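*Asks:* Okay, handing you the structure first.
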Amino acid sequence: MNTLVRAWSEGVTTLGAWTTLNTPVVAERLALVGHDYVCLDQQHGIADDGSLVSSLIAVAAGGAAPLVRIAANEPSMIGKALDCGAEGVIIPLVNDRRDAERAVQSCRYPPNGERSVGPIRSAGSGRGRENSRAACIVMAESAAAVKNIDEICSVPGVDGVYIGPADLAASLGGAPSLGVVPGVHAEAIAKIIAACSQHGVATGIHCGTTRQAIECAEMGFQMITISTDTQLLATAATSRFDEVNKGIAAAGVRSTTVSNS
């Protein structure tokens, strides 16, 4: 069984990182920290096909499960990511049962799906591959997905539902925001969690802060992305810059920079 799917079936909460850069060494470093998974973003990130295999190898070498968020719910994109060695795919904009069925079919070999047999790095092929099948994680990030969440979760082969909180908030008429926003947004997320729990499907979400990640764990999420590479870089760089700038100013040294604080 897939390592993430096994953990979820055992009631374990998995913590992951997100990389939007096409730099394998960054993906490897995130894996080495101890994250359960590292997701390469091919939808909004610049993790292109040229760096895909190298980054997947780097994540696996670092000890994390390599995932790919593909650009669209398309069989060729899903198949390529899995053939290149991804242990699972996160599929955006799954709004109803038909979308969920399409995603599952693209992840599974016949007779359980329509995935073409052509492994590049994935071990085995055909029916034998089902023993360590890829995790099929569909994204719920719209009002339509919330409305149809029960039928989405009931599709056999859906292993997880990953909430895109910013897009979901926008779809519900609010301002895009990470984490859970009180009101309609929180109610929609609670509905998704309940449906996933009822159907034995893991619930995932993207978080922007430590507090949000802890709160989501308390809410029952089993797949929590706790950081993104560019966010980490910006936060660390800003903190170091401000510290040094303040120290220089306190020492009476003139600097050409202007403090960001």
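The values are calculated or read from the model by the stated rules, or taken from the named source; none is laboratory data. All figures in this text were calculated on a predicted structure; none of them were measured in a lab. FYI the Cβ positions are ideal-geometry reconstructions off the backbone, even for glycines, and counts take in every protein chain you see.
*Asks:* Looking at (1) in a strand (DSSP E or B); (2) modelled with pLDDT under 95; (3) within 16 Å of V89 (Cα to Cα), which is the one condition that is false for S227?
*Replies:* S227 satisfies every listed condition except (3).
*Asks:* Let me ask something else. Among I224, I192, which is the only one that is touching a helix residue (DSSP H, G or I) at 6+ places or on another chain (Cβ under 7 Å) and under 27 Å from G34 (Cβ atoms)?
*Replies:* Among I224, I192, only I224 is touching a helix residue (DSSP H, G or I) at 6+ places or on another chain (Cβ under 7 Å) and under 27 Å from G34 (Cβ atoms).
*Asks:* Moving on. Go through the stretch 199-224 residue by residue and tally those that are part of a loop (DSSP other than H, G, I, E, B) and either in contact (Cβ under 8 Å) with a residue 60 or more places away in the chain or small (G, A, S) (or both).
*Replies:* Matching residues across the stretch 199-224 total 5.
*Asks:* Considering only the stretch 182-222, state which residues are farther than 17 Å from G164 by Cβ and either aliphatic (A, V, I, L, M) or surrounded by 21 or more Cβ atoms within 10 Å (Cβ to Cβ) (or both).
*Replies:* A194, I214, A217
*Asks:* Do we have P156 as of a type outside the set (A, V, I, L, M, F, W, C), surrounded by fewer than 20 Cβ atoms within 10 Å (Cβ to Cβ), modelled with pLDDT of 90 or more and assigned to a loop (DSSP other than H, G, I, E, B) here?
*Replies:* So P156 passes the test.
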